[in-house]
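Worksheet for the structure shown next.
The values are calculated or read from the model by the stated rules, or taken from the named source; none is laboratory data. Everything numeric in this text was worked out from a predicted model, so none of it was measured. As a convention, Cβ positions derive from the backbone with ideal geometry for all residues, glycine included, and neighbour counts pool all protein chains shown.
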Amino acid sequence: MFHATTILAYKGKNKAVIGGDGQVTFGDTVLKGNATKIRRLHNGDVLGGFAGSTADAFNLFDMFEGFLNEKKGDLFRAVIAFSKAWRKDKHLRQLEAMMIVLNREHIFILSGTGDVVEPEDGQIAAIGSGGNYAISSARALAKHSSLDEEVLVEESLKIAGDLCIYTNKNIKILKLED
């Protein structure tokens, strides 16, 4: 797990939402508090977020978007092709980053070893050092409240920011609606 950030994605009934904090750390020092670690991909139809080395993540985003374009926006086919390329390339396998990508139909975690994981519930995924705090909060809020998807993600990330020293409360959120 990277000591780098917190990214949380939630695919609810009405919206697909991804959020991330803005903290960038180097060891135990905060270098920046307002970084953007989430973005829209493939004409805004796919959302993505990263944890790990910033330079590596930007390279991976660009590479992944190439696969999305090649597969005409089919997220499932793009993550499989991306994973194969990631595993085969010895330089890519050394990158220190993880990604979450989602659309209204699918949500996937892409690991630094080329693994593709679809969450068991198909709804909630988190990565980064505060990921376990964020996903625990999101699961509890999803089960015991009727919060809007955006609010659920924001509140879960705030809780992670209270608990994880590598996560702050400078939260950015992107969404896809029906």
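Please give the number of the condition residue 149 fails out of (1) crowded, with 17+ Cβ neighbours inside 10 Å; (2) among the acidic types (Asp, Glu); (3) over 16 Å from the mean Cα position of the chain (by Cα). Just one mismatch for residue 149, condition (3). Checked against (1) more than 27 Å from residue 23 (Cα to Cα); (2) of a type outside the set (Phe, Trp, Tyr); (3) in a helix (DSSP H, G or I), residue 59 passes all but condition (1).
Only residues that are over 14 Å from residue 53 (Cα atoms) and either of a type in the set (Ser, Thr, Tyr) or at pLDDT below 95 (or both) were counted in the stretch 102-112, giving 1.
Return only the number of the condition from (1) outside any helix (DSSP H, G or I); (2) out of contact with any strand residue (DSSP E or B) (no Cβ under 7 Å at 6 or more places or on another chain); (3) in contact (Cβ under 8 Å) with a residue 24 or more places away in the chain; (4) aliphatic (A, V, I, L, M) that residue 174 does not satisfy. Every condition holds for residue 174 apart from (2).
Residue under question is residue 61, and the condition is that it be closer than 17 Å to residue 117 by Cβ, in contact (Cβ under 8 Å) with a residue 24 or more places away in the chain and either within 16 Å of the chain's Cα centre (by Cα) or surrounded by 18 or more Cβ atoms within 10 Å (Cβ to Cβ) (or both); does it hold? Against the criterion (closer than 17 Å to residue 117 by Cβ, in contact (Cβ under 8 Å) with a residue 24 or more places away in the chain and either within 16 Å of the chain's Cα centre (by Cα) or surrounded by 18 or more Cβ atoms within 10 Å (Cβ to Cβ) (or both)), residue 61 does not qualify.
Restricting attention to the stretch 70-91, the residues that are charged (D, E, K, R), in contact with a helix residue (DSSP H, G or I) (Cβ under 9 Å, 6 or more places away or on another chain) and in a helix (DSSP H, G or I) add up to 3. Among the residues of the stretch 92-101, is there at least one that is buried (at least 19 other Cβ atoms within 10 Å of the Cβ), modelled with pLDDT under 95, in a loop (DSSP other than H, G, I, E, B) and in contact with a strand residue (DSSP E or B) (Cβ under 6 Å, 6 or more places away or on another chain)? No; the residues of the stretch 92-101 include none that is buried (at least 19 other Cβ atoms within 10 Å of the Cβ), modelled with pLDDT under 95, in a loop (DSSP other than H, G, I, E, B) and in contact with a strand residue (DSSP E or B) (Cβ under 6 Å, 6 or more places away or on another chain). For residue 35, the criteria (1) in contact (Cβ under 8 Å) with a residue 40 or more places away in the chain; (2) closer than 20 Å to residue 154 by Cβ; (3) hydrophobic (A, V, I, L, M, F, W, C); (4) not in a strand (DSSP E or B) hold in every case but one, which is (1). Would you point out the residue of the stretch 32-53, among those that are among the aliphatic types (A, V, I, L, M) and more than 17 Å from residue 128 (Cα to Cα), that is surrounded by the most Cβ atoms within 10 Å (Cβ to Cβ)? For the stretch 32-53, the residue satisfying everything is 46.
Among the numbered conditions (1) in a helix (DSSP H, G or I); (2) touching a residue at least 12 places away in the same chain (Cβ under 8 Å), the only one that residue 140 does not meet is (2).
Just so you know, in the stretch 155-178 the residues that are of a type in the set (D, E, K, R) and in contact with a Leu (Cβ under 9 Å, 6 or more places away or on another chain) include one that is nearest to residue 44 (Cα to Cα), and it is 175. Selection of the stretch 7-29 for residues being farther than 17 Å from residue 151 by Cβ and either surrounded by fewer than 13 Cβ atoms within 10 Å (Cβ to Cβ) or in contact with an Asp or Glu (Cβ under 7 Å, 6 or more places away or on another chain) (or both) yields 26, 27, 28, 29.
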